[in-house]
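These notes are about the structure you will find just below.
The values are calculated or read from the model by the stated rules, or taken from the named source; none is laboratory data. Every value quoted in this text rests on a predicted model; they were computed, and no experiment measured them. So basically every Cβ, Gly included, is an ideal-geometry build from the backbone, and we count neighbours across all protein chains shown.
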Amino acid sequence: MSSRLRHGLLAGAAAIALAVATGSIAVSAGPAPVTGGPAGADLCSTQASAARTGATVASLRGFGDCEVGRRLTTLRQLSTVVAESKVLTTADAKHLSAEITGAVNGLSNLRGVIDGQTKIAPLKVNLVQIVTGYRVYVLVGPQVRLTIAADDELALKPDFDRLSTILAARISAASAKGKDVAAAQAALDAMNAAVAGAVHLATPVPAKLLALTPANYVSAGGATVIRNARIALGSARDRYKAAAQDGRNVLTDLS
């Protein structure tokens, strides 16, 4: 969500402006792809090829070290995103920071185990743990992005509440002067309903996302939870867009 939406919600009681740009509410906040992130999976292609064609202790170590390294790159970027977010609630930021720190420490320790292995069989088990033990790309990344998006959307409600109060006062004033305000009141009611719908959709998202862990990701249906979170936030975004248009309609009807 861009600041244009938030700042455009209230332009003052005298001249209200809902300057909401189409599509300006972001559904998936968070870091752009980085070298070493999911989009950089080919970063370890040389090591992966060497491990496949000749599964030696050295080749498996090299592959493991590369895969751990690119995940650490992503986790550190995610940590910065969480720390710099201005919309995450204190509780959500604390949870995400702890999760990221734990993953960084765990993967760093796992890299030490990998580098110390001298047998192929346990080394292969360690390599699987890089994915299943931390799930950086299917879980942690989406948790950060979608939790930020949810908190960002929820933070819009107070702005719309203030706008609703201002618009209601203008409707009342216009009615007192004998103006037909039925259409304006209907538009305001629609705006308030759309906001309530958006809040209803976004509110449970952070808790559902943050309840997921690498250990329960499969049993808790993590992929489905994340997919449903994206759908809910997309629907919430659409309701906020509708609410913004309803607010404009109030002003048009009163003009």
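Of the residues making up the stretch 169-178, those that are surrounded by 13 or more Cβ atoms within 10 Å (Cβ to Cβ) and touching a residue at least 60 places away in the same chain (Cβ under 8 Å) are 170, 171, 174. For the stretch 47-71, the set of residues classified as at pLDDT 90 or above and either basic (Lys, Arg) or over 20 Å from residue 125 (Cβ atoms) (or both) consists of 61, 70, 71, listed by residue number. When only residues in the stretch 75-113 that are closer than 19 Å to residue 154 by Cα and charged (D, E, K, R) count, which is nearest to the chain's Cα centre (by Cα)? That would be 92. Counting only helices (runs of 4 or more DSSP H) that sit completely within the stretch 148-255, those holding 3 or more residues that are over 30 Å from residue 132 (Cα atoms) correspond to 157-176, 182-202, 222-254. Taking the conditions (1) modelled with pLDDT under 80; (2) within 22 Å of the chain's Cα centre (by Cα); (3) of a type outside the set (Phe, Trp, Tyr) in turn, residue 18 satisfies each one other than (2). Among the residues of the stretch 58-98, the ones that are assigned to a helix (DSSP H, G or I) and without any contact (Cβ under 8 Å) to a residue 60 or more places away in the chain come to 21 in all.
Pairs linking a residue in the stretch 181-198 that is farther than 11 Å from residue 168 by Cα and touching a residue at least 40 places away in the same chain (Cβ under 8 Å) to a residue that is of a type in the set (Val, Ile, Thr) and assigned to a helix (DSSP H, G or I), with Cβ atoms under 8 Å and 6 or more positions apart or on different chains, are 191/250.
Can you tell me which residue among 69, 102 is within 30 Å of residue 203 (Cβ to Cβ), surrounded by 14 or more Cβ atoms within 10 Å (Cβ to Cβ) and not β-branched (Val, Ile, Thr)?
Every option except 102 fails the conditions.
Within the stretch 120-137, being more than 24 Å from residue 227 (Cβ to Cβ) and either of a type in the set (Lys, Arg) or assigned to a loop (DSSP other than H, G, I, E, B) (or both) holds for one residue alone: 124.
Of the residues examined, residue 140 is not one that is of a type in the set (A, V, I, L, M, F, W, C), at pLDDT 95 or above, more than 20 Å from residue 216 (Cα to Cα) and in a helix (DSSP H, G or I). Among the residues making up the stretch 218-255, those that are surrounded by fewer than 16 Cβ atoms within 10 Å (Cβ to Cβ) and farther than 21 Å from residue 196 by Cβ are 218, 219, 220, 221, 223, 224, 227, 252, 255. Can you say whether residue 211 is more than 29 Å from residue 242 (Cβ to Cβ), surrounded by fewer than 16 Cβ atoms within 10 Å (Cβ to Cβ) and out of contact with any Pro (no Cβ under 7 Å at 6 or more places or on another chain), as far as the supplied structure shows? Yes; evaluated as a whole, the condition is true for this residue. Would you check if residue 102 is over 30 Å from residue 190 (Cβ atoms), part of a helix (DSSP H, G or I) and free of Cβ contacts under 8 Å to residues at least 24 places away in the same chain? Answer is yes for this residue. Checked against (1) basic (Lys, Arg); (2) out of contact with any Gly (no Cβ under 9 Å at 6 or more places or on another chain); (3) at pLDDT below 95, residue 208 meets all criteria but (3). Cβ-Cβ contacts under 6 Å between residues 6 or more apart (or on different chains), taken from a first residue in the stretch 234-252 that is touching a residue at least 12 places away in the same chain (Cβ under 8 Å) to a second residue that is β-branched (Val, Ile, Thr) and surrounded by 22 or more Cβ atoms within 10 Å (Cβ to Cβ), are listed as 234/27; 237/25; 237/27; 240/25; 243/195.
The residue pairs whose first member lies in the stretch 119-142 and is of a type in the set (Asp, Glu), whose second member is modelled with pLDDT of 95 or more, and whose beta carbons are closer than 6 Å, counting only pairs six or more residues apart or on different chains, do not exist in this structure.
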